[in-house]
Amino acid sequence: MSFHNSSSAADISEIEKARFVDDAAASGLNMDKRDLELLQRQRELEDLDNTTKTNWEMIKKLTVCGVAFLNDAYDMFAINIVAMMLGFVYYHDAPGSAQNTVPKKWDTLIKIAVQIGCLLGQLIMGRLGDKVGRTTVYSAGLMIAIVTTIASAFSSSMVKGFNVFVVLFIWRVLLGFGIGSDYPLTATIVSEYASVHNRGKLIAAVFSCQGFGNVMAPIVGIIVTACFKSSIDTDVLYLDYVWRIIIGIGCVPGVATLYWRLTMEDSKRFQLETAKAAAATADEEMLREKLLAKQQYAEGRGIEASSVAHTPAEPTETFTPTIRRAKTFTQYFSEWRHLKVLLGTSIAWFALDVAFYGINLNSSIVIDAIGFAGDIKNDKPSKFIIRNCLGNIIINLLGSVPGYWIAVFTIERLGRIKIQLMGFAALTVLYIVLGFAYHQILDKSVAGFIVLFTCAQLFQNFGPNVTTFVIPGEVFPTRFRSTAHGISAAMGKLGAIVAQGGFMQLKDIGGKNAFIDRLLQIFALFMLIGFFVTFWIPESKGKTLEEICDESEEYY
């Protein structure tokens, strides 16, 4: 799958090894062979961190990873525009308020599909990233995404009970599975390639390409709709071509970077870890065989001695091999000091995504307030769609995109934990204000509501939305990094599913948008939870990956 060689970079010069052992002995260090090898590896990784610099290979990898998140965001958020078009295509003759609108059950189904697939992909592909190799699984994820994106564009009604929405749901779950691999593997790959001094900035920059994907989706929607404008206004069924083209365009960035992704190599850090694990396994197997042979020999001697009555049996020697064993995932995280870090990253991401996806319930209000909502019954379909796309662009440019890049340029100066705590604290206050004064603010000042909404989007991205992605890529050992990041990210997607599948159904209790104020109060509580669990997570600014998680704790 991925054309790379992991053995050459992991080879250690015997001369360098001997020199290191001699230096350690000369320094009077009382260490066994395993301790010396561990220290030598740590020194190699420190040298790797110190000598890592931006070059063409690094630029290529960052481009591949950045395009991956632009592509993922486009695929995830283009469905909002597509759902609007599906309403015109399949419900243009529906009676009353149902006209041109996808029923809530189908709307929720196609929008939640990618989140379900992402959750599964993050768990499974994250684990495989540690077992099989980063770049191999990374390439497989992209190929899954490309195939399922094309298949989604050709979705149609099949047999009875399998209408276009069910088929689209199935393909988008599989698409989400491919997208899900990008979260743990992108963070892990960039983290292991980057130097100490710019690691956080580079991981955040790659993730922030999501903002461009969010804007790209409505831009493509406007362009494709404009190309079919006269045909759509004459016959609304021409939108059936438009939504398929919009979805299909989602595979273009992936296809453009597929070769680069296929030819990426695993980082030297991961190659060293793989070589070390293989050597440890071989050593343990050899010692086990020696122990078995020794025991068989001793048993044979015992039988022979007992057959000669006058010859006392010689005492058998005990063979106690000394070997440093690597802890398994379960052993490592069964210790509270390690488990609390995983719980901190997972719960913080879950809490964030409940509100991150839930706050978008208010986007229709902001679009209406700035005059871009339109009239779904009386406006021409092309005009309605283009105006809503413009409204989405404005919303993203107000606070979302700036927030991403403020985080990128401050993360190495402020640190991850400080930005996350600041973001959660600001969001708690903003949601309390919006939740308890929701109707009063809308009645007295729509502009005031837009300002508060924009601030919430700003502090989501200049805050926990970026840091919950960055931190899990740094605070776990190399052997578990992809798996642990995948678990954290999957918890985030679970929060997204709770928001879209649960809260979307509650917002209209008592009337249209009547329950939103209560939901905002609930979001404030989730932000407070995210604030407190952040204290379980160590700060990783200015530290090597080995210093952050104390590599010696991986062994017993």
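Each reported figure results from applying straightforward, stated rules to the coordinates on display, with no laboratory input. These numbers were taken from a predicted model, which means no experiment stands behind them. Heads up, the Cβs are rebuilt from the backbone with ideal geometry, glycines too, and the neighbour counts pull from every protein chain shown.
Net charge around N71, counting only other residues with Cβ within less than 13 Å of its Cβ (Lys, Arg = +1; Asp, Glu = -1)? Please list the in-between numbers first.
Details: positive: R261; negative: D72, D75, D182.
Taking every Cβ under 13 Å from that of N71, the sum is -2.
If the chain linking L506 and F228 were pulled fully straight, counting 0.36 nm for each residue of separation and taking away their Cα-Cα distance, it would gain 96.4 nm.
Here is the link list: K383/K507; K229/K383; K105/K383. Which ones come out longer than 18 Å on Cα distance? Present the calculation step by step, with values, prior to reporting the outcome.
Working: K383/K507 27 Å; K229/K383 9 Å; K105/K383 26 Å.
Check vs 18 Å cut-off fails for K383/K507; K105/K383.
Taking R0 as 56 Å, what's the FRET efficiency between W405 and Q295 from their Cβ-Cβ distance, rounded to 0.05? Walk me through the numbers before you get to the answer.
Numbers: r = 64 Å, r/R0 = 1.15.
It comes out at approximately 0.30.
Say the dipole of the range 451-539 comes from +1 at the beta carbon of Lys and Arg and -1 at that of Asp and Glu; which of I522, M491, F459 then lies farthest toward its positive end? Projecting each Cα onto the dipole axis, the largest value belongs to M491.
Summing Lys, Arg as +1 and Asp, Glu as -1, what charge do residues with Cβ under 11 Å from the Cβ of I247 carry, I247 excluded? Could the numbers behind the result be given before it?
Details: positive: R172, R244; negative: D75.
So the environment of I247 carries a net charge of +1.
Going by the alpha-carbon gyration tensor, a ≥ b ≥ c the square roots of its eigenvalues, is the range 453-556 rounded (a/c under 1.5) or, if a/c is not under 1.5, prolate (a/b greater than b/c) versus oblate? Note, shape of the range 453-556 comes out prolate. Using the Cβ of F177 as centre and a radius below 14 Å, the other residues enclosed give a net charge of 0, where K and R count +1 and D and E count -1. For the range 367-440, the Cβ-based charge dipole about the Cα centre amounts to some 120 debye (Lys, Arg positive; Asp, Glu negative; other atoms uncharged). One decimal place: the segment R413-V451 gains 11.0 nm when fully extended, by the rule 0.36 nm per residue minus the C-alpha distance. Taking a ≥ b ≥ c as the square roots of the eigenvalues of the Cα gyration tensor, the range 353-449 is classed as oblate, since a/c reaches at least 1.5 and a/b does not exceed b/c.
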